[in-house]
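The structure appears below as structure tokens.
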Amino acid sequence: MELLLDTGNLHEIERCCAQYAVAGVTTNPSIMSKESADFFELLRAIRGVIGREATLHVQTVGASTQEILRDADTLLDRVGSDTYIKIPTTAQGLTAMKQLKERGVHVTATAVYSVSQALMAASVGADYIAPYFNRICNFGADGAAEIARMAELYRVQGCKTKIVAASFKNIGQVIEALLAGAQAVTVPGELLDQMTANPAIEQAVKNFRADWDGRHGGRAICE
Ligand code: E4P
């Protein structure tokens, strides 16, 4: 299981890397537009924080295949050749993915709403697909069921493409995506914080401490 951060905010990435086992970072143009720092400097700084073992997924903005390939080459040159080039799964995007995979470039197929897109992304050898859980639900469909079908398709066909589920609004969705078979999820840091933010947990910890103090007069275990 891989937990990735869906943010371009360097402070959030630094904080979460200190607290959690962060397997990577995903960005998209909307996420990056919230940050005031220079686009390339920020991405290089993010790479510096997460280290070379983690994956960094950066999205292209071009619409045509040629524009997407130009974006990809610029990112590979200015951010790093190990960058996962995140490309919307359109007809033009698939052509670009195919060419990039033939060159050995890491590719993440994004804006995935359907099993048919998942199928096509795997056929060109995408390393990851990013299905949009919450946005699928916004259409009245079942995000978990769609991801389960993608995972089953990949299992039945022996596809190596991994599912990094994205677009989450609550921790229930994150858990549903992982139970459905996604190998990875990308989430904002605040959702990771909420994983352990149940008031019942705090109360249990307070009660344990009170019982300890009642017997040991407030001493620490090491005293
Ligand atoms: C990440 O890969 C996606 O771009 C992102 O999770 C989309 O999230 P949103 O639906 O909240 O914009």
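Bear in mind that the values in this text are calculations on the coordinates, not laboratory data. Just so it is clear, the structure is predicted and the values come from calculations on it, not from any experiment. Every residue, glycine as well, gets a Cβ built from its backbone with ideal geometry; the counts of neighbours run over all protein chains shown.
Of the residues that make up segment 24-42, is at least one touching a strand residue (DSSP E or B) at 6+ places or on another chain (Cβ under 7 Å) and of a type in the set (Phe, Trp, Tyr)?
Checking segment 24-42: not a single residue is touching a strand residue (DSSP E or B) at 6+ places or on another chain (Cβ under 7 Å) and of a type in the set (Phe, Trp, Tyr).
Please enumerate the residues belonging to segment 97-114 that are surrounded by 19 or more Cβ atoms within 10 Å (Cβ to Cβ), under 19 Å from the mean Cα position of the chain (by Cα) and either assigned to a loop (DSSP other than H, G, I, E, B) or on the phi < 0 side of the Ramachandran plot (or both).
So in segment 97-114, the residues surrounded by 19 or more Cβ atoms within 10 Å (Cβ to Cβ) come out as 97, 100, 105-112.
From the residues that got through so far, the ones that are under 19 Å from the mean Cα position of the chain (by Cα) too are 97, 105-112.
Within segment 97-114, Met97, Val105, His106, Val107, Thr108, Ala109, Thr110, Val112 meet the criteria.
Return the only residue of Ala165, Ala182, Ala118, Ala126 being within 16 Å of the ligand (Cβ to nearest atom), under 30 Å from Glu102 (Cα atoms) and assigned to a strand (DSSP E or B).
Numbers: Ala182 fails: assigned to a strand (DSSP E or B); Ala118 fails: assigned to a strand (DSSP E or B); Ala126 fails: assigned to a strand (DSSP E or B).
After applying the criteria, what remains is Ala165.
List, please: which pairs have Cβ atoms under 9 Å, are six or more places apart or on different chains, and start with a residue in segment 166-187 that is touching a residue at least 60 places away in the same chain (Cβ under 8 Å) and end with one that is of a type in the set (Gly, Ala, Ser) and away from the ligand (no atom under 12 Å from the Cβ)?
Listed pairs, sorted by first residue: Gln183/Ala151; Ala184/Ala23.
Which residue pairs have Cβ atoms closer than 8 Å, lie 6 or more positions apart in sequence or on different chains, and pair a first residue in segment 11-36 that is free of Cβ contacts under 8 Å to residues at least 60 places away in the same chain and surrounded by fewer than 16 Cβ atoms within 10 Å (Cβ to Cβ) with a second residue that is of a type in the set (A, V, I, L, M, F, W, C) and in a loop (DSSP other than H, G, I, E, B)?
Close Cβ pairs satisfying both conditions: Pro29/Val61.
Hey, can you tell me all the residues within segment 127-176 that are within 13 Å of the chain's Cα centre (by Cα) and either of a type in the set (A, V, I, L, M, F, W, C) or on the phi > 0 side of the Ramachandran plot (or both)?
Ile129, Ala130, Phe133, Ile163, Val164, Ala165, Ala166, Ser167, Phe168, Val174, listed by residue number.
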